[in-house]
1. Helix-derived [θ] at 222 nm for the chain: sum -39500 (n - 2.57) over DSSP H runs of at least 4, divide by residue count, nearest 500?
2. How big is the charge dipole of the chain about its Cα centre, in debye rounded to the nearest 20, if each Lys and Arg gets +1 on its Cβ and each Asp and Glu gets -1 on its Cβ?
3. Full-extension gain between residue 68 and residue 28, please, as 0.36 nm times their residue separation minus the C-alpha to C-alpha distance.
4. How big is Rg to Rh over the chain, alpha-carbon atoms, Rh as the Kirkwood inverse-mean-distance radius?
5. Return a whole-number percent for the relative contact order of the chain, with Cα pairs under 8 Å and 6 or more residues apart as the contact set.
Amino acid sequence: MATNKILPLAAMEKLLKKAGADRVSEDSKSALKDILEDIAREVAEKATKIAIHSGRKTVKAGDIKLAASK
C-alpha cells in the first residue's frame, strides 16, 4: 500500500461518520484511504487513456465519468 498522503485521514473519518459510524478506528480510516486512492488511481488512468484516444492531452470531466462507469 502507498504511503503517499493524497487523501487526508480526517476526510475518511467524515465519510465513515456520514455513513452512520459512531466511532472510527485509525485502522479503518487508513484502510478506506488506501482503497479510495487505489480506485481513484484506476479511474484516473482510464480517463487519461480515454482523453489520449480522443486526441486530447486534457482530461475532462466526461472522461472521468466514462472511466468510472466502466
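1. Rounded to the nearest 500, the figure is -22000 deg cm²/dmol.
2. With only Lys, Arg, Asp and Glu charged at Cβ, the dipole is about 440 debye.
3. 12.0 nm
4. Taking Rg over the Kirkwood Rh, I get 1.11.
5. In percent, rounded to a whole number, it is 26.
Laboratory data are not the source of any read-out in this text; all were calculated from the coordinates shown. Quantities reported herein were computed from a predicted structural model and do not represent experimental measurements. Quick reminder, even Gly has a Cβ in these numbers, built from the backbone with ideal geometry, and neighbours come from all protein chains shown.
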